[in-house]
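Peer 1: Shown below is the structure under consideration.
The values are calculated or read from the model by the stated rules, or taken from the named source; none is laboratory data. Note that the structure is predicted; figures quoted are calculated from it, not measured. Positions of Cβ are backbone-derived with ideal geometry, glycine not excepted, and every protein chain shown enters the neighbour counts.
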Amino acid sequence: MYRNGITCRIRLTLSDDPHSRVRLQEALADQPVSAVRLVPRGIGRDEMTAEVTIELVGGQTLGAVLDALRVISPRVYLNCGESPAPPAASQQVRASS
């Protein structure tokens, strides 16, 4: 459930067409992706925003995926932070009467 690692959120703008979706799937195929969300940019616009969440554990890097995404979109935004630590184990203590 919890991992000691880094969670990265990547946002990029793509053309809203099947070819762009296939290229995005190919770029993310071998990556530790936990979520992908595609959001239309608005009525009359042929663009969409892709929001990708990746969980990096044990020295994994983003270099390859960022290079692949930059081929698809000239603007790739990245936000990374540490994954939350697991909650401390709680022990019940009974009061003696």
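Peer 1: Here are Val22, Val39, Val52, Val33: which of them is exposed (fewer than 14 other Cβ atoms within 10 Å of the Cβ) and within 16 Å of the chain's Cα centre (by Cα)?
Peer 2: After ruling out the rest, the residue left standing is Val39.
Peer 1: Condition first: hydrophobic (A, V, I, L, M, F, W, C) and more than 25 Å from Gly81 (Cα to Cα). Now tell me which residues in the range 1-43 satisfy that.
Peer 2: Across the range 1-43, the qualifying residues are Val22, Ile43.
Peer 1: Quick check on my filter: what residues within the range 8-52 are of a type in the set (S, T, N, Q) and touching a Leu at 6+ places or on another chain (Cβ under 8 Å)?
Peer 2: Answer for the range 8-52, where residues must be of a type in the set (S, T, N, Q) and touching a Leu at 6+ places or on another chain (Cβ under 8 Å): Ser20, Thr49.
Peer 1: Take Val57 and decide whether it is over 13 Å from Leu78 (Cβ atoms), at pLDDT below 85 and in contact with a strand residue (DSSP E or B) (Cβ under 9 Å, 6 or more places away or on another chain).
Peer 2: yes
Peer 1: Please work out which residue is modelled with the lowest pLDDT, limiting yourself to the range 60-97 and to residues that are under 13 Å from the mean Cα position of the chain (by Cα) and part of a helix (DSSP H, G or I).
Peer 2: Top of the filtered list is Val65.
Peer 1: If Arg45 meets every condition in (1) touching a helix residue (DSSP H, G or I) at 6+ places or on another chain (Cβ under 7 Å); (2) at pLDDT below 85 apart from one, which number is that one?
Peer 2: If we test Arg45 against (1) touching a helix residue (DSSP H, G or I) at 6+ places or on another chain (Cβ under 7 Å); (2) at pLDDT below 85, just (1) comes out false.
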